[in-house]
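The next block holds one structure in the form of structure tokens; read it before the comments.
The values are calculated or read from the model by the stated rules, or taken from the named source; none is laboratory data. Note that this is a predicted model, so its numbers are computed, not measured. FYI the Cβ positions are ideal-geometry reconstructions off the backbone, even for glycines, and counts take in every protein chain you see. Surface areas here come from the heavy atoms of the whole protein model, side chains and all, with no ligands, DNA or RNA. Shrake-Rupley method; radii C 1.70, N 1.55, O 1.52, S 1.80 Å.
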Amino acid sequence: MANLTKFFLTFLLLFTFLIGKSEDGYELWLRYKPVDNQVLLNEYCKAIKEVVVFGQSETTEVIKSEIARGLSAMLVQPYSVSSVVSSENVLVIGTPSNSEFIRSLNLVSRLDRLGNEGYLIVETTSKGKKNIVIASNSEVGTLYGAFHFLRLIQSNKSVVALNIEEKPQTTHRLLNHWDNLDRTIERGYAGFSIWDWHKLPDYIDPRYTDYARANASIGINGTVITNVNANALVLTDQYIKKVAALAKVFRPYGIKIYLTARFSAPVEIGGLKTADPLDAQVADWWKTKVEEIYKAIPDFGGFLVKANSEGQPGPQNYGRNHADGANMLAKALAPHGGVVMWRAFVYDHNVPDDRAKQAYTEFNPLDGKFDENVFVQVKNGAIDFQPREPFHPLFGAMPKTPLMMEFQITQEYTGCATHLVYLAPLFEECLDADTHAKGKGSTVAKVIDGSLDNHLYSGMAGVSNIGNDRNWTGHPFAQSNWYAYGRLAWNPNLSSEDIADEWIRQTFSNDSKVIDVLKPMMMQSREAMVDYMTPLGLHHIMARNHHWGPGPWVDGGRPDWTSLYYHRADSLGIGFNRSSTGSNAVAQYYEPVRQQFDKLENCPENLLLWFHHVPWTYKLKNGQTLWNAICDQYYRGTDAVKQMQKQWQGLKGSIDDQRFDHVSQLLQIQVNESVWWRNACLLYFQQFSKMPIPEKYEKPDKTLEYYQNLQFRYVPGIEN
Ligand code: BDP
């Protein structure tokens, strides 16, 4: 009888699954669909007859419910969780401190190597009984292990003879939300902020828990919930209560809350006359404020600060430097274990000869001047999250300071949330870059994970792409960027291709037909975007303010906010001369990188116009003139998107209808917008090259004037 019930249940679940029930994407990569491979299903069911989770904390409650939920759904039989290991083929989860059984297993020396957040997933035999054990020194570590185990099953991996040892390579793995208190999101394209400030602290949206689950499943352990363009109000008593309510939801998931600190807060909400970091009253105000925060949120993470950049107040307003400002806050946080993340994305009010040089110029001399609990948070490139940038020269150049990587997950410059662009190859390109700071092999990844200079703290921040859209990120594929960011923050050496494989299996399907189409499509999507937006090292040529669409003609106002400043197209050629004959930004890199970027003939062609002003007729390595190569790459980019569209259509029936239609429509937008980028840029640059677009290509069907006159209001992501 029991078998019959099980049979029907299995049948029902599989049936619902196979008919392609609509999915709205809310479940992200935690869909826990029934395993439809019978051989594997048998293997899993045989290996996991029972589940035991030790411990009684809030975190262990989370593990119990996640494991029961995941296994019951995927293995199509109800699992309950007990606390006694009575037989074999048990999945056992625990720590040496919450379980006698785990202590008896002799795992201590292995666990010692894994720190607090690492974990083991191993097959053990004790008293002749075989079990699968997930063990860690901390309960949060076992939660990470539990999610890893569920991922194995979700992605149809064997669970026989497991011997997995995992440890995060960084200590701080954070999301940065650029969310405002009015729920708009700076550079957000997936709706409004998920933080419902008006109803907090009394109403706790269930979405907060799902947010925490998703983040914990990829190892994210901190979140800055407010915009870097900060509002001091969040530091008032009224808001601290709201923040504390969120912190309470996130705590069991190992996620700490951080806030952005507006430097002028002592004046704005504290009634002081100054925010000078060397003023004793100011330091005292922050000390008291921090104490107040820790009273409400004992595990508060610390502050993220944007100072003296784009109009934000900072220590320079009082003739002090970044270290003075950061250390003053660091001293207030230190007794509580908090950190300061001080951003290196700075603008001088005097326009510099080359904005790419500015962060290095201001921060490199301050190396060694920051307190121990200060990170300097550096964007991946020296300008601003462009489709392609060389790695930031500060990486490797501040050996005495822990540098935190800042990637942008939200697609401000990479197609908003309408373009399918898998960003992990961009992240990977930067992490793999060799700074040569301490000789060959001094990769950015090693700077970030702290291993190059032996730092205690290490970390990564990702500017979030999350909003209150039902599917969290607007574009169903933008979920992959959140996922990949988390995985890379955990281990900056993972490959973007392996991450894509994991994500596709969990988010769409384990069907090789689907994987074989989606993986290459995702892997080439970033290069396609570079081709149709900014090939060969072009950068910052998007529309003004909202940054949506092309704007190579943007001029007027502050020069380093215009496109002309960056592309410098004229009758002789195009590109920004940052070589030793130009702004000499190349001097900020170590040899041999400096030489490589400095010499036109050695410079990687995909960064050519970043570092050089190049004649239109210059011959590239393949013999093409620069102008023809530019044309080729723009057309290649639009062709690649059309190809993606075709490939996606081939998956009809293999993907649930709702997400299939959603992506189909977005791909049509992407085709249209890639053509818009291509035509507008080529027509604009052609005025200077005075060379024809090669005959073989379809001619732009609109005039340059048409594109220049397009005006858009209410583009998401900025104040309108
Ligand atoms: C730029 C964005 C702006 C941000 C700024 C920052 O356009 O909205 O405030 O970066 O990172 O990319 O501070």
- Scanning region 369-390 for residues that are over 17 Å from the mean Cα position of the chain (by Cα) and not charged (D, E, K, R) gives F370, N373, V374, F375, V376, A382, I383, P390
- Task: Could you please give the count of residues in region 503-540 that are within 29 Å of D632 (Cα to Cα), open to solvent by 20 Å² or more (accessible area, probe 1.4 Å) and touching a residue at least 60 places away in the same chain (Cβ under 8 Å)?
- Result: 4
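Just checking, does region 541-550 include any residue being among the β-branched types (V, I, T) and either in the same structural domain as C430 (by TED's automatic domain parsing) or open to solvent by less than 10 Å² (accessible area, probe 1.4 Å) (or both)?
Yes: one or more hits.
Just name the residue that is surrounded by the most Cβ atoms within 10 Å (Cβ to Cβ) out of those in region 464-481 that are touching a residue at least 60 places away in the same chain (Cβ under 8 Å) and among the small types (G, A, S).
Taking the candidates together, the pick is A478.
Would you mention how many residues in region 123-154 are assigned to a loop (DSSP other than H, G, I, E, B) and at pLDDT below 95?
The total comes to 2.
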- 1 or more residues among the basic types (K, R), out of contact with any Asp or Glu (no Cβ under 8 Å at 6 or more places or on another chain) and more than 16 Å from the ligand (Cβ to nearest atom): qualifying strands (runs of 3 or more DSSP E) within region 155-267: 172-176
- Restricting to region 343-402, what's the tally of residues that are away from the ligand (no atom under 16 Å from the Cβ) and of a type in the set (V, I, T)? 4
- Message: Among the residues of region 425-454, what is the count of those that are touching a Lys or Arg at 6+ places or on another chain (Cβ under 8 Å) and more than 26 Å from A587 (Cβ to Cβ)?
- Response: 1
- Does K446 count as free of Cβ contacts under 8 Å to residues at least 12 places away in the same chain, more than 16 Å from the ligand (Cβ to nearest atom), on the phi < 0 side of the Ramachandran plot and crowded, with 21+ Cβ neighbours inside 10 Å? yes
- Query: So which residues in region 689-720 are within 16 Å of the ligand (Cβ to nearest atom) and among the polar types (S, T, N, Q), if there are any at all?
  - Reply: N720
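Conditions tested, residue by residue: (1) within 22 Å of G459 (Cβ to Cβ); (2) in contact (Cβ under 8 Å) with a residue 24 or more places away in the chain.
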{"site": "F250", "(1), (2)": "yes, yes"}
{"site": "A265", "(1), (2)": "no, yes"}
{"site": "I269", "(1), (2)": "no, yes"}
{"site": "D276", "(1), (2)": "no, yes"}
{"site": "Q281", "(1), (2)": "no, no"}
{"site": "G301", "(1), (2)": "yes, yes"}
{"site": "A307", "(1), (2)": "yes, yes"}
{"site": "E310", "(1), (2)": "no, yes"}
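Taking Y485, is it in the same structural domain as A214 (by TED's automatic domain parsing), surrounded by fewer than 20 Cβ atoms within 10 Å (Cβ to Cβ) and modelled with pLDDT of 95 or more?
In short, no.
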- Considering each residue of region 86-109, count those that are of a type in the set (A, V, I, L, M, F, W, C), surrounded by fewer than 21 Cβ atoms within 10 Å (Cβ to Cβ) and assigned to a loop (DSSP other than H, G, I, E, B), and give that number. 1
- Item | Pairs with Cβ under 6 Å, 6+ apart, first in region 64-86 and assigned by TED's automatic domain parsing to the domain that holds I102, second open to solvent by 40 Å² or more (accessible area, probe 1.4 Å) and not in a helix (DSSP H, G or I) | K64/V81; A68/V81; S72/P78
- Message: Can you find a residue that is surrounded by fewer than 18 Cβ atoms within 10 Å (Cβ to Cβ) and under 30 Å from N137 (Cα atoms) anywhere in region 195-207?
- Response: yes
- Exactly one of (1) part of a helix (DSSP H, G or I); (2) open to solvent by 30 Å² or more (accessible area, probe 1.4 Å) is unmet by D701. Its number? (1)
- Note on the structure: Within region 416-429, residues out of contact with any Pro (no Cβ under 9 Å at 6 or more places or on another chain) and either modelled with pLDDT under 95 or within 16 Å of the ligand (Cβ to nearest atom) (or both) come out as L423
- Find the residue count for region 322-333, including only residues that are within 22 Å of L174 (Cα to Cα) and open to solvent by 10 Å² or more (accessible area, probe 1.4 Å). 2
- Task: Among residues belonging to region 551-563 that are touching a residue at least 12 places away in the same chain (Cβ under 8 Å) and open to solvent by 10 Å² or more (accessible area, probe 1.4 Å), point out the one that is farthest from the ligand (Cβ to nearest atom).
- Result: W553
- Query: What number of residues in region 459-487 are assigned to a loop (DSSP other than H, G, I, E, B) and touching a strand residue (DSSP E or B) at 6+ places or on another chain (Cβ under 7 Å)?
  - Reply: 2
- Task: Only residues that are surrounded by 20 or more Cβ atoms within 10 Å (Cβ to Cβ) and not polar (S, T, N, Q): list them for region 672-682, please.
- Result: E673, V675, W677, R678, A680, C681, L682
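Is it true that G115 is open to solvent by less than 10 Å² (accessible area, probe 1.4 Å) and not in a strand (DSSP E or B)? Show your work before the answer.
Working: open to solvent by less than 10 Å² (accessible area, probe 1.4 Å): no; not in a strand (DSSP E or B): yes.
In short, no.
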- Task: Being in contact with a strand residue (DSSP E or B) (Cβ under 8 Å, 6 or more places away or on another chain) and either in a strand (DSSP E or B) or modelled with pLDDT of 95 or more (or both) narrows it down to one of V52, V76, so name that one.
- Result: V52
- Within region 615-639, work out how many residues are under 23 Å from P700 (Cβ atoms) and outside any loop (DSSP other than H, G, I, E, B). 15
- Task: Filter region 278-321 down to residues that are of a type in the set (S, T, Y) and away from the ligand (no atom under 16 Å from the Cβ) and give me whichever is surrounded by the fewest Cβ atoms within 10 Å (Cβ to Cβ).
- Result: T288
- Item | Among the residues listed as I718, I693, I669, I655, the single one being modelled with pLDDT under 95 and either surrounded by 15 or more Cβ atoms within 10 Å (Cβ to Cβ) or β-branched (V, I, T) (or both) | I718
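Applying the selection to region 565-592, what residues are aliphatic (A, V, I, L, M), open to solvent by 10 Å² or more (accessible area, probe 1.4 Å) and more than 25 Å from E362 (Cα to Cα)? Write out each step before concluding.
The first filter runs over region 565-592 and keeps only residues aliphatic (A, V, I, L, M), leaving 569, 572, 574, 585-587.
Now drop any that are not open to solvent by 10 Å² or more (accessible area, probe 1.4 Å), which leaves 569, 572, 587.
Of everything in region 565-592, those that are aliphatic (A, V, I, L, M), open to solvent by 10 Å² or more (accessible area, probe 1.4 Å) and more than 25 Å from E362 (Cα to Cα) turn out to be A569, L572.
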- Message: Checking the condition in the same structural domain as I63 (by TED's automatic domain parsing) and hydroxyl-bearing (S, T, Y), which residue from S155, S217 passes?
- Response: S155
- Being open to solvent by 10 Å² or more (accessible area, probe 1.4 Å), modelled with pLDDT of 95 or more and of a type in the set (V, I, T), is that true of even one residue in region 55-62? yes
